[in-house]
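First the structure, in the form of structure tokens, and then the observations on it.
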Amino acid sequence: MPRLITHLCLVAAIGLAACGGSQSTNTTPDTPTQPSGPMLREQTSLPIGVALGVGSFEPASSIRYSPQASQLRHLAASEFSSVVAENVMKPEYIHPQEQQYHWNDGDYLVQFAQQNNMHIHGHTLVWHNALPSWMSNYSGNWESMLADHITTIVSHYSDSINSWDVVNEAFLDDGSLRSSIWSSHIPDYLAKAYTLARAADPDADLYYNDYNIEAMPKKLDAVLQMVTDFRTRNIPIDGIGFQMHIDRYWPSTAEIRQAFSRCVAMGLKVRISELDIRMNPNNTATALTPELAEAQRQRYREVITTYLSTVPAELRGGITVWGLTDALSWTPWYYKIPDWPLLFDASFQRKPAWTGMSEALQATP
Ligand code: XIL
């Protein structure tokens, strides 16, 4: 099962429309399908976030360039209180040439968020993916380059961005350090990245972000060892982002609870940073049936309840889902299997998954 997220490559246009129409008929027309209730953002003071496309290279999901841009903006601003750029703040887009930063798309997202009173999370400064070719092939002074990259971006957004994924996916599932341009060229690059980010914006919360850490204790061991090491050296880090690209069966809520607890025991903030819950991991379904939709409601409710009951209010960094509607989810493209992993369907309607999230938020103070 393709649970290891490696070698992500961005495509100029993601084939998002392909899965869009497949789940619009999951009830009869007379059945009241639309879950009612207040907007998610009205149900909690916790930041409830969504990843948004912004750039022209992501034409289906872009809140600027999609033919549905105004609907996307309306849904995002109505239901959510936090945003993250699905792509446009990654190095490839925001720093396309050594001497050139592309602020325009990121600034658009910031302005949108500020107009709608939303938090803004920055994703991501240091990653092995989404690298511009000049960076991959760099032959100058690597430490100066890293310093310029982090300092320039974090300073540019220091008045607007509340928290950053400073480093994304630095460890492999076995807990070893991933080999990347950063590990190859800069000794102790993790500590240097966090120190630079803190210097550029002392007020932003600094996160380490990764996948599978809710399911693989050895991988989380490595992350928490990094934190312990940082603390002995006064290197700043505030929290851990659990991507949580999970599915209906995996991992168990007991495993998720255990992973969150380990961070809480160390006084770390915890974000659910990229949540999606795939309902067709074994490729046995062709549509989101009412039964699958109901199972997804329960799974969303359990996962969010696990978070809220394990992470005390002062350590909750928020919950972000990785995309607005099922038609825009990256998962069918990445896993090559149709799926419906998000809170809204292709027609912008609330799904039972939305109800599961809402039930959890309303049940837990
Ligand atoms: C994904 C985006 O959703 C896609 O649009 C893009 O093509 C590839 O990257 N972990 C991360 C995210 O940290 O940045 C990835 O986002 C999904 C996995």
Legend entry - Flag if Val84 is surrounded by 21 or more Cβ atoms within 10 Å (Cβ to Cβ), farther than 20 Å from Glu58 by Cα and within 16 Å of the ligand (Cβ to nearest atom): no
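Yes/no matrix, rows are residues, columns are (1) at positive phi; (2) open to solvent by 50 Å² or more (accessible area, probe 1.4 Å); (3) modelled with pLDDT of 95 or more; (4) out of contact with any Leu (no Cβ under 9 Å at 6 or more places or on another chain):
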| residue | (1), (2), (3), (4) |
| --- | --- |
| Leu131 | no, no, yes, yes |
| Tyr138 | no, no, yes, yes |
| Asn141 | no, yes, yes, yes |
| His149 | no, no, yes, no |
| Ser158 | no, no, yes, yes |
| Ile161 | no, no, yes, yes |
| Asp165 | no, no, yes, no |
| Asn168 | no, no, yes, no |
| Phe171 | no, no, yes, no |
Inset, instruction - Using the structure shown, decide if Ala293 is open to solvent by 10 Å² or more (accessible area, probe 1.4 Å), away from the ligand (no atom under 15 Å from the Cβ) and of a type in the set (A, V, I, L, M, F, W, C). - result: no
Legend entry - helices (runs of 4 or more DSSP H) wholly inside region 213-323 containing at least 2 residues that are in contact (Cβ under 8 Å) with a residue 60 or more places away in the chain: 290-310
Inset, instruction - Please indicate, with yes or no, whether at least one residue in region 310-320 is under 22 Å from Thr289 (Cβ atoms) and at pLDDT 95 or above. - result: no
Legend entry - Within region 327-344, considering residues that are away from the ligand (no atom under 12 Å from the Cβ) and open to solvent by 20 Å² or more (accessible area, probe 1.4 Å), the one nearest to Ala295 (Cα to Cα): Pro338
Inset, instruction - Kindly indicate which of Leu40, Leu72, Leu10, Leu4 is at pLDDT below 95 and within 21 Å of His121 (Cα to Cα). - result: Leu10
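The values are calculated or read from the model by the stated rules, or taken from the named source; none is laboratory data. Since the model is a prediction, treat every value here as computed from it, not as a measurement. Using ideal geometry, Cβ is built from the backbone for each residue, glycine included, and neighbour counts are taken over all protein chains shown. Areas reflect the complete protein model, heavy atoms only, side chains present, ligands, DNA and RNA absent. Shrake-Rupley method; radii C 1.70, N 1.55, O 1.52, S 1.80 Å.
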